[in-house]
Amino acid sequence: MTDLTISIQDLSKKFGRYPALNGVSLDIAPGELLALLGPSGSGKTTLLRSIAGLEFPDQGKVLFDGEDVTFASAAARRVGFVFQQYALFAHMTVAKNIAFGLDVRKGADKPPKAAIEARVEELLKLVELDGLGKRFPSQLSGGQRQRVALSRALAVGPRVLLLDEPFGALDATVRKSLRKELRRIHDATGVTTIFVTHDQEEALELADRVAILNLGEIEQVGTPHEVYDSPASAFVCGFVGEANRFEGAVTKGRFTAGSITLAAKGVADGPASAFVRPHDLHPAKDGLAVKVSRIVLQGPLAKLDGHTADGRHVEAAFARDGVEGFNPGMTVKLAVQKAHIYPPT
Amino acid sequence: MTVQTADRRGSASGAAARTSRHRSSWRRRRSAIPGFGLTLGVTMALLSLIVLIPLTAVAIKAASLSPADFARVAFSERAMLAYRLSFGAAFVAAIINGVFGLLTAWVLARYKFPGKAFIDGLVDLPFALPTAVAGIALASLYAPNGWLGAPLAKIGVTAAYNPLGVVIALTFIGLPFVVRTVEPVIAHLAADVEEASASLGASRLSTLMRVILPALAPAWLTGFALAFARGIGEYGSVIFIAGNKPYISEIAPLLIVIQLEQFEHAGAAAIALVMLVASFVLLLAINGIQAWARRFQA
Amino acid sequence: MSTQTPVRGHYASEDPLWVKVVVVTLVALFLTLLLILPLVTVFSEALKRGVGPALEALGTYDAVSAIKLTLTAAAIAVPLNAVFGVCAAWAIAKHEFPGKSILISLIDLPFSVSPVVAGLIYVLVFGAQGWFGEFLLEHDWRIIFALPGIVLATIFVTFPFVARELIPLMQAQGAAEEEAAVSMGAGGLTTFWRVTAPNIRLGLLYGVLLCNARAMGEFGAVSVVSGHIRGLTDTMPLHVEILYNEYDFVGAFAVAGLLCLLALLTLVAKTVLEMLHPGVKTRSAH
């Protein structure tokens, strides 16, 4: 439906002395659903707001289809923005909230009243809130407010939909169902969508691609699969998914940290960190000796907590029947199937 | 900070603007919300024209006096006694308000009792009541033949037409400052802090002394300073009850009026300058207290 | 003060009953002496010789022109103040800029200036010996000892009222709703009228109410610039002073009573507003 290409070029922004963005470049494909993932203070919201025209960078450019919009007003960019706390107009009904963007247009641009009403109805249906148009935001649940905010942003037919921590204020169950909803709406409208989140699970589940930010810089951009399986940096590996982290050193292609040794092909000699995902550890005849301190059954999975002989904490996860015969106190051998080793940054 | 970077980048975006179709949208922006220039402009213009520039007239006029003349007017014995009365009475009144204002704030924030809404509304009376009205009412109340003045006279206390009258008027004026500054802090003082203190074995008294009062200290000091500052400059409510006897019950603002009535504008400006400097020092102190208090409230 | 033997329903954060009784009694006594008795005095003195003389005092030519002048001055000063307050709050609460806290302090400045000094500054600027004295004389424009001076002095002493009310309110509301409106294409005025104004309505009304009470009641500043010309430049509070100094106590207290009613009305309206909208009462006192 839309075919907007967004290009971010070398964007930098400081708040006082604190750098929020530091030379960020990113290209967003038409119709894509992209997640900006990072811890708080990583600059993800500043980046989103710079795309929206709610924040203006000190340096760099924002291009919409090649046109420089870095300092264009939010209105001129025709973006839809969903705020973290929704920012619904409390004194307007749901329908008035959704109609606002069309209602404030002037002259020939303003659609006739009936057309606005029809559009509101259509959007209410899209977000499954039919019949609630006459309510006020205060009469809605958190999840319903979020849907109103979403349809309000969509009403103006935005070229790109931008969402700032869209599920941040909701409880866990509502979050999960709204996540699916957002994916469905994105697929139905085809609008390019960028959302900010600090929840890696949310980003991996929902997005086509994930951009991971840390301290104002992009660490990696890739599909959920890519960032999980081939993390580009120690930060990404630690932030996306769970991992055991071992501090040690690499000498001649081998990583050593106490009793742990791992193959480290192509990593330069010197101090290094190794990351091993819990599910990349398997019970085996030969491997890392781990003294079991606790075993927790979680659905189809068994999670094992333990320590190596020199006191390093290890977590492993494998199919439930894999732990048969394991008991706290005993020492088991775990083979490392895959490890990510990074020199210090 | 933003301004500096904006200036630094200004030429770069300006150059790019010439190549853009949307020239106006290319202007370097600082904020997404419009109207900043207009509203700040109106604010600065009115502030300058009505407040700041006229205030400089005081300093300029006072500077027309030679240092010796300035000292003769601004630091004469009569003026010094007037400052002493204005500052002293304002200080005593602020102390009285510090005690009773704190109690009133505590009662309003914590207790439920019949007539509370009435008291709550009444506390703001000194804000709403014209000072001249307060002045004549207090004067007749505390006059030697007044409802309160007569019994006080019997026990040998002269309230009206005496420094004590000034204290009474300034107490009236200053009360809401302490109450309204402290009350919200008491209301927001989480009950769980007191419960924690009690659960750790503190008695109610030591909870009060060691947990509650220290938490209220910044707000209390702010309220005290606001009441004090207002008292120093107060005029309308005081002149009726003070009696305005030179060297005894004459307040500093009245001296300005007297100088003006004698067309001694420079003399009036000299005394006004002394009072303005005192006000600014107090204002700085209040800001300092609030900055200090913010460290605990983050 | 001891809570050694906890009574049922007695919380750690609650004072014992006897403390409550003592404290409430003390406060009630203090407020009666300080606030209620003066209030009663005003009406009792005004009505000392019955309702007739009091009303008569209010009906004199001088009293009526004082009432008119007070209303005129307030009618100019208060709306101007509201415009200033909204502008200042919009710039300060919805935008970031360096020097903001200094600007807020400067807006508050008139609160810490003696009313007499507030009047004095306009005498120094516009008076016969002032900066523009000769210029004004040449053109026969009167500012001091005339309505413009009274209005200026009133604006000065009420300057921070509306801004002080709106700045914390609008800061607390944040800028997200305005950003939402702007991102949907609304312009500055549309955003203000359709999104911001409904949110600050009550706060604005509250500020205007307090501003109006002070504007109608101001004495010190207006006294300096008015010249006390009976029937011409006397406002209600100044008229009270004149009558009082002439020992016309019934007249003085009758006009004072009218001002008192205005103050009480303001307090009632303020209380109603606070009940309707608890958030309207901002954190610090004026």
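The values are calculated or read from the model by the stated rules, or taken from the named source; none is laboratory data. Given the structure is predicted, the values throughout are model-derived calculations rather than measurements. Counting neighbours? That spans all protein chains shown, and the Cβs are built from the backbone with ideal geometry, glycine included.
Limited to the range C:159-192, what total is found for residues that are in contact with a Pro (Cβ under 8 Å, 6 or more places away or on another chain) and polar (S, T, N, Q)? Break it down stepwise before answering.
Narrowing the range C:159-192 to residues in contact with a Pro (Cβ under 8 Å, 6 or more places away or on another chain): C:159-160, C:182, C:187-188, C:191.
Then drop every residue that is not polar (S, T, N, Q), which leaves C:191.
So the count comes out to 1.
Each row is one residue, and each column tells you yes or no for (1) without any contact (Cβ under 8 Å) to a residue 12 or more places away in the chain; (2) facing another protein chain (nearest Cβ under 9 Å); (3) out of contact with any helix residue (DSSP H, G or I) (no Cβ under 9 Å at 6 or more places or on another chain).
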{"position": "A:LYS61", "(1), (2), (3)": "no, yes, no"}
{"position": "A:ALA74", "(1), (2), (3)": "no, yes, no"}
{"position": "A:PHE83", "(1), (2), (3)": "no, yes, no"}
{"position": "A:VAL104", "(1), (2), (3)": "yes, yes, no"}
{"position": "A:LEU126", "(1), (2), (3)": "no, no, no"}
Only one of B:ALA196, B:ALA202 is modelled with pLDDT under 85 and assigned to a loop (DSSP other than H, G, I, E, B). Can you tell me which? B:ALA202
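In the range C:156-268, which helices (runs of 4 or more DSSP H) lie fully inside it and hold 3 or more residues that are touching a residue at least 12 places away in the same chain (Cβ under 8 Å)?
Those helices (runs of 4 or more DSSP H) span C:161-173, C:176-183, C:197-217, C:220-226, C:236-245.
Kindly indicate which of C:ALA74, C:ALA54 is more than 9 Å from every other protein chain (Cβ to nearest Cβ) and touching a Leu at 6+ places or on another chain (Cβ under 7 Å). Spell out how you get there, then give the answer.
Numbers: C:ALA74 fails: touching a Leu at 6+ places or on another chain (Cβ under 7 Å).
Result: C:ALA54 is the single residue among C:ALA74, C:ALA54 that is more than 9 Å from every other protein chain (Cβ to nearest Cβ) and touching a Leu at 6+ places or on another chain (Cβ under 7 Å).
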Selected residue (only one of B:ALA94, B:ALA71 is under 20 Å from B:ALA252 (Cα atoms) and within 25 Å of the chain's Cα centre (by Cα)): B:ALA94
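Check the range A:327-345 and report whether any residue there is without any contact (Cβ under 8 Å) to a residue 24 or more places away in the chain and not acidic (Asp, Glu). Walk me through how you get there before you give the answer.
Residues of the range A:327-345 without any contact (Cβ under 8 Å) to a residue 24 or more places away in the chain: none.
Checked the range A:327-345: no residue is without any contact (Cβ under 8 Å) to a residue 24 or more places away in the chain and not acidic (Asp, Glu).
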Failed criterion for A:ASP109 (all others in (1) within 19 Å of C:LEU189 (Cα to Cα); (2) crowded, with 16+ Cβ neighbours inside 10 Å hold): (2)
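Going through B:ILE186, B:ILE232 one at a time, which residue ends up being in contact with a helix residue (DSSP H, G or I) (Cβ under 7 Å, 6 or more places away or on another chain), among the β-branched types (Val, Ile, Thr), more than 10 Å from chain C (Cβ to nearest Cβ) and closer than 26 Å to B:TRP292 by Cα? Show your work before the answer.
Working: B:ILE232 fails: more than 10 Å from chain C (Cβ to nearest Cβ).
After applying the criteria, what remains is B:ILE186.
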Tell me yes or no: at least one residue of the range C:79-89 is away from every other protein chain (no Cβ under 11 Å), of a type outside the set (D, E, K, R) and either touching a residue at least 60 places away in the same chain (Cβ under 8 Å) or under 24 Å from B:GLN290 (Cα atoms) (or both). yes
For residues that are facing chain C (nearest Cβ under 10 Å), among the aliphatic types (A, V, I, L, M) and assigned to a helix (DSSP H, G or I), scanning just the range B:138-168, find the one that is nearest to B:LEU221 (Cα to Cα). B:ILE168
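Go through the range B:111-137 and report how many residues are more than 13 Å from C:VAL268 (Cβ to Cβ) and facing chain C (nearest Cβ under 7 Å). Lay out the reasoning, then the answer.
Here is the first cut: in the range B:111-137, the residues more than 13 Å from C:VAL268 (Cβ to Cβ) are B:111-116, B:119, B:123, B:126-127, B:129-137.
Pick out the ones that are also facing chain C (nearest Cβ under 7 Å) and you get B:111, B:113, B:119, B:127, B:129-134, B:136-137.
Counting residues in the range B:111-137 that are more than 13 Å from C:VAL268 (Cβ to Cβ) and facing chain C (nearest Cβ under 7 Å) gives 12.
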Filter the range C:141-165 down to the residues that are farther than 13 Å from C:ALA73 by Cα and among the aromatic types (Phe, Trp, Tyr), then identify the one that is surrounded by the fewest Cβ atoms within 10 Å (Cβ to Cβ). C:TRP141
Please go through the range A:10-28 and pick out each residue that is without any contact (Cβ under 8 Å) to a residue 60 or more places away in the chain and either assigned to a loop (DSSP other than H, G, I, E, B) or surrounded by fewer than 17 Cβ atoms within 10 Å (Cβ to Cβ) (or both). A:ASP10, A:PHE15, A:GLY16, A:ARG17, A:TYR18, A:ASP27
Hey, could you check the range B:235-259 for residues that are free of Cβ contacts under 8 Å to residues at least 60 places away in the same chain and surrounded by fewer than 24 Cβ atoms within 10 Å (Cβ to Cβ) and say which is nearest to the other protein chains (Cβ to nearest Cβ)? B:VAL257
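Somewhere in the range A:320-328, is a residue among the aliphatic types (A, V, I, L, M) and closer than 30 Å to A:THR251 by Cα?
So far as the range A:320-328 goes, no, none of its residues is among the aliphatic types (A, V, I, L, M) and closer than 30 Å to A:THR251 by Cα.
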Conditions (1) β-branched (Val, Ile, Thr); (2) surrounded by fewer than 17 Cβ atoms within 10 Å (Cβ to Cβ); (3) touching a residue at least 40 places away in the same chain (Cβ under 8 Å) -> A:THR173 fails only (3)
